[in-house]
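Just below is one structure, and these are the notes that go with it.
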Amino acid sequence: MRKLAAGNWKMNGTAAALAEIAALNARYDSAPVDILICPPATLLSRASDTAGPAIATGGQDCHAAHSGAHTGDIAPDMLKDAGASYVILGHSERRTDHGETDATVRVKTVSALNTGLTPVVCVGETEAERDAGQTLDVIRSQLAGSLPDGLDGAQIVVAYEPVWAIGTGRVPTHDQIEEVHNLMRAELVARFGDSAAETRLLYGGSVKPGNAAEIFALSNVDGALVGGASLKADDFAGIIDALAQA
């Protein structure tokens, strides 16, 4: 299994930000881990043209339909046409800001797979759910509802992002991260069989160069979904290098 360092630029970046991808290109002609940048949709085509062979690009969301009267939405076919090979689905900000449910994420996942994209399906608990001791139940429920039946585990990526850690500077303890990642692996293997051993499990939530190595040393952490630290090539490179050495 090749590990994956994925950068989610969220609603950040104009044309000038493409220089950060160019800087990553200069640093990584090839890489011992997979590198993914998910820029805003306005930059996706140009980011795909800028990215070298070591860097893949992806969308931050897609509609479940392949075309139609859905003003402002983007079909998975459009993402692929713009050079994407991945798409983030079910991020907590989509679930919160746009009311996306597990069922919504599941149909989008099917559509992305049918288009030839690799879905990065996000799960994670809120602070209230963590404090109530509901974390593992929430993760089980989100995995069950967000993933379609009959998957080959190698077709998907799953990212655990505790909602209360995203962009806050707060990070769960190592035991808490490991507990969730071990649970996810067990749940996926129980449902999808041995192929789920090849499902890459990413951790996301205030990952930085300074804490990346310790996080990547934990069991069943196969990479990271990185927000703010992926916007600058130097910061993201520190995380990529830590993953390569894990």
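The values are calculated or read from the model by the stated rules, or taken from the named source; none is laboratory data. Note that the coordinates shown come from a computational prediction; the quantities given were computed from them, not determined experimentally. Cβ sites come from the backbone with ideal geometry, for glycine too, and all protein chains shown count toward neighbours.
Can you tell me which residue within the stretch 129-140, out of those that are closer than 13 Å to Gln176 by Cα and more than 16 Å from the chain's Cα centre (by Cα), is surrounded by the fewest Cβ atoms within 10 Å (Cβ to Cβ)?
Gly133
Among the residues of the stretch 49-60, count how many are outside any helix (DSSP H, G or I) and over 19 Å from the mean Cα position of the chain (by Cα).
Counting residues in the stretch 49-60 that are outside any helix (DSSP H, G or I) and over 19 Å from the mean Cα position of the chain (by Cα) gives 2.
Among the candidates Ala186, Ala217, Ala246, Ala196, single out the residue that is more than 24 Å from Pro39 (Cα to Cα), in contact (Cβ under 8 Å) with a residue 60 or more places away in the chain and either among the hydrophobic types (A, V, I, L, M, F, W, C) or surrounded by fewer than 16 Cβ atoms within 10 Å (Cβ to Cβ) (or both).
Ala246
Out of the stretch 57-91, which residues are under 19 Å from Gly227 (Cα atoms) and out of contact with any Ser or Thr (no Cβ under 8 Å at 6 or more places or on another chain)?
Answer for the stretch 57-91, where residues must be under 19 Å from Gly227 (Cα atoms) and out of contact with any Ser or Thr (no Cβ under 8 Å at 6 or more places or on another chain): Gly59, Gln60, Asp61, Ile88, His91.
Only one of these is on the phi > 0 side of the Ramachandran plot and touching a helix residue (DSSP H, G or I) at 6+ places or on another chain (Cβ under 6 Å): Gly167, Gly133, Gly205, Gly193. Name it.
Gly205
Within the stretch 57-94, can you find the residues that are under 12 Å from Leu44 (Cβ atoms) and among the hydroxyl-bearing types (Ser, Thr, Tyr)?
Residues satisfying the conditions are Thr57, Ser85, Tyr86.
How about the stretch 1-30: which of its residues are closer than 17 Å to Arg200 by Cα and either part of a strand (DSSP E or B) or touching a helix residue (DSSP H, G or I) at 6+ places or on another chain (Cβ under 7 Å) (or both)?
Correct list: Met1, Lys3, Leu4, Ala5, Ala6, Gly7, Asn8.
Residues are listed down the side, and each one gets a yes or a no for (1) at positive phi; (2) not aromatic (Phe, Trp, Tyr):
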site	(1), (2)
Tyr86	no, no
Leu89	no, yes
Ser92	no, yes
Glu100	no, yes
Thr109	no, yes
Thr118	no, yes
Val123	no, yes
Gln142	no, yes
Gly150	yes, yes
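What number goes with the only condition from (1) surrounded by fewer than 22 Cβ atoms within 10 Å (Cβ to Cβ); (2) closer than 18 Å to Met1 by Cβ; (3) without any contact (Cβ under 8 Å) to a residue 60 or more places away in the chain that Trp164 does not pass?
Condition (2) is where Trp164 drops out.
What number of residues within the stretch 83-128 are under 16 Å from the mean Cα position of the chain (by Cα), of a type outside the set (D, E, K, R) and outside any loop (DSSP other than H, G, I, E, B)?
15
Please give the number of the condition Ala154 fails out of (1) surrounded by fewer than 20 Cβ atoms within 10 Å (Cβ to Cβ); (2) under 16 Å from the mean Cα position of the chain (by Cα); (3) at pLDDT 95 or above.
Unmet for Ala154, out of (1) surrounded by fewer than 20 Cβ atoms within 10 Å (Cβ to Cβ); (2) under 16 Å from the mean Cα position of the chain (by Cα); (3) at pLDDT 95 or above: (3).
I'd like to check something: does the stretch 34-48 contain any residue that is modelled with pLDDT of 95 or more, β-branched (Val, Ile, Thr), more than 18 Å from the chain's Cα centre (by Cα) and in a loop (DSSP other than H, G, I, E, B)?
no
Restricting to the stretch 42-81, name every residue that is surrounded by 18 or more Cβ atoms within 10 Å (Cβ to Cβ), free of Cβ contacts under 8 Å to residues at least 40 places away in the same chain and more than 17 Å from Leu113 (Cβ to Cβ).
Scanning the stretch 42-81 gives Leu43, Ala47, Ser48, Thr50, Ala51, Ile55, Thr57.
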